[in-house]
Amino acid sequence: MKIQFLGAAGEVTGSRHSVEATVGGREVRFIVDFGMFQGGREATAKNLEPLPFPAKEIDFIVLTHAHIDHSGLLPRLCAQGFSGPIYCTDATFELLKILLPDSAHLQRSDVERAERRKKAGKWRGDLPVTLYSMEETELALGQCQVLPYGKSLELCQGINLEFQNAGHILGSAIAVIDITEDHSNKKRCVFSGDIGMKGKLLMPDPAKIAQADVVVVESTYGDRLHKTLADTESELIEVVNTTLSAHGNIIIPAFAVGRTQEMLFLLINLVRRNLLPHLSIWVDSPMATAATHLTQHFFGQLDKESQSTFEWFKKNPSAVDLRFIADVEESKALNKIKGGAIIISASGMCDAGRILHHLQNNLPRAQNAIVITGFQAYGSLGRRLVDKATKVRLFGEEVPVRASVHTIGGLSAHADQAGLLDWLRGFTSEPKTVFVVHGEPEASAVLAQSIREELEWKRVIIPERLHTYAC
């Protein structure tokens, strides 16, 4: 059996891992996740790279969850000739129906906007490109097959798949794949996908797996510890109260799936506990709105605290003035609000979507606050804000950064170093090989060394992109 790491090796985005095995007298190739690279020009170039093998040679895809850095190039792959099934959980499939068309729409909109600006002489540099069309997203969605948590499915002779809850976002899964190669014993490969934090908002704790021969584990925050939820709440309370008392706005770039819903539950829960006053919250993202409604649909998959908060808000709807923005004109009208608003908008890394307009209008005013709630990839606008840029370029114009920028790391949907080690301790015996992926170089290196030292596991590898490893 061989694994080739096509993405998320030495970086966080672009998750895709190709597995080759000889079963039933033939070579079988499948891929775990097929995500989009994100953050800057290098990401675009990688997204346009051809695969090292024809797409039609892929037998099937195993998809751990719906986030674009794990699913975002599926339509492009299908358009290039992949015609097999895409296995995912039910909630992941429902989220894909929201995320993939939105991704196609954003790509088309970015190109059209750039073309208009170039025609007007206001665009510098290369034009953006569309990676796939709306029709190609429908092609990919038509190839999805749902597999519930905890149910084993034979994907082909000698290969079985089971999903366990990863506790990351709605529908997120750990992929447990048993492979029995010809003339060989069964090997269990466990792909973590993205592992959630224990005790986090909305999601249950990630499931632990008892045995594996090969583990592919993420390392987004493998070099650090998150703040506790109590510290996170205290920091958020201070930012909200200080900004509102100064008659400013609070702008929260948030991933439409997962983070937006967490922020809503957190803010509502703080009002419920009388730790924040009455709030006026606008969710300005059609995708986030759809994802929030979907979260309500999968109410039973949420943790008990979130279910309790949701039930309280249904009984006390006036406690928070919560509005979901539907059309573009309503979104533009938010820019007239000079104080007292909490605006949650996508994208989470500030690279596209309506958040750019809210940043353009609110960054120049010192009484406003920008609250960063998730990982910001290298090269993204969000990362430049976190790194204390004094000005940023938006829509071809320089915008001064006078608003305060706050990074509230305790809201991460990813486990920190302690959480990842705790999840790995769930294996009752040492895996033969552990691959550390989905992290920037420092984070992956620190986690790998921690696994060697604290768990005393011997074969811990940080794979290089496009390299193939025998297992």
Order of 7-14, 223-230 by packing, highest average Cβ count within 10 Å first?
7-14, 223-230
At a threshold of 8 angstrom on Cα-Cα distance, excluding pairs fewer than six apart, so keeping six or more, what relative contact order does the chain reach in percent?
20 percent
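Work through the residues other than T373 whose Cβ is under 10 Å from its Cβ and net out their charges, Lys, Arg +1 and Asp, Glu -1.
0
How large is the accessible surface per residue of the chain, computed with a 1.4 Å probe and reported in Å² as a whole number?
40 Å²
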At a 1.4 Å probe radius, which order do Y469, Y378 fall into by accessible area, largest first?
Y378, Y469
Among 67-76, 236-245, how do they line up by average Cβ neighbours within 10 Å per residue, starting with the highest?
67-76, 236-245
Residues of segment 210-253 with amide N under 20 Å of a point placed 7 Å along Cα→Cβ from T407:
219-240, 251-253
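Report Rg/Rh for segment 191-286, rounded to two decimals, where Rg is the Cα radius of gyration and Rh the Kirkwood radius.
Ratio value, two decimals: 1.05.
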For the chain, what is the largest minus smallest coordinate of the Cα atoms on each principal axis, given in angstrom and ordered from greatest to least?
71, 53, 39
Rounded if a/c is under 1.5, else prolate if a/b beats b/c, else oblate: with a ≥ b ≥ c from the C-alpha gyration tensor eigenvalues square-rooted, which is segment 28-71?
oblate
Mind scanning K200/K458; K187/K458; K46/K151; K200/K432 and naming the pairs with a C-alpha gap bigger than 26 Å?
K200/K458; K46/K151; K200/K432
Any idea what the dipole of segment 294-395 comes to, in debye rounded to 20, about its Cα centre with Lys/Arg Cβ at +1 and Asp/Glu Cβ at -1?
480 debye
Phi angles of segment 110-119, converted by Karplus (6.51 cos²θ - 1.76 cosθ + 1.60, θ = phi - 60°) into ³J(HN,Hα) in whole Hz with x for Gly and Pro, give 4, 5, 5, 5, 5, 5, 5, 5, 5, 4
Counted charge near K227, where neighbours are those whose Cβ lies closer than 11 Å (Asp, Glu -1; Lys, Arg +1)
-3
Quick one: of K97/K391; K315/K336; K56/K97; K208/K315, which pairs are farther than 27 Å apart, Cα to Cα?
K97/K391; K315/K336; K208/K315
For the chain, the dipole about the Cα centre with charges only on Cβ (Lys and Arg +1, Asp and Glu -1), to the nearest 20 debye, works out at 1220 debye
Can you give me the C-alpha center-to-center distance between segment 54-89 and segment 273-306, rounded to a whole angstrom?
29 Å
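Only bridges with both residues in segment 341-471 count here: give the DSSP antiparallel percent, nearest 5.
The antiparallel proportion sits near 40 percent.
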Classify segment 44-97 as rounded, prolate or oblate, taking a ≥ b ≥ c as the square roots of the eigenvalues of its Cα gyration tensor: rounded when a/c is under 1.5, otherwise prolate if a/b is larger than b/c and oblate if not.
oblate
Inverse of <1/r> over all distinct C-alpha pairs of segment 318-414, i.e. the Kirkwood Rh in Å, gives 14.2 Å
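By the scheme Lys and Arg +1, Asp and Glu -1, what is the net charge of all other residues having a beta-carbon under 13 Å from that of L48?
My count for the surroundings of L48 gives 0.
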How much length is gained if the chain between L455 and R117 is pulled fully straight, taking 0.36 nm per residue apart and subtracting their Cα-Cα distance, in nm to one decimal?
116.2 nm
Provide the percentage of antiparallel DSSP beta bridges, counting only those with both residues in the chain; round to the nearest 5.
45 percent
Just tell me which aspartates and glutamates come within less than 12 Å, Cα to Cα, of K122; anything on the same chain fewer than 8 places away is out.
E397
The alpha-carbon pair-distance distribution computed for segment 69-204, with 5 angstrom bins and whole-percent values, is 2, 9, 15, 15, 16, 14, 11, 7, 5, 3, 2, 1, 0, 0
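The values are calculated or read from the model by the stated rules, or taken from the named source; none is laboratory data. Everything numeric here is computed off the predicted structure, so don't read it as measured data. Note: ideal-geometry Cβ built from the backbone for every residue, glycine included; neighbour counts use all protein chains shown. Areas reflect the complete protein model, heavy atoms only, side chains present, ligands, DNA and RNA absent. Shrake-Rupley method; radii C 1.70, N 1.55, O 1.52, S 1.80 Å.
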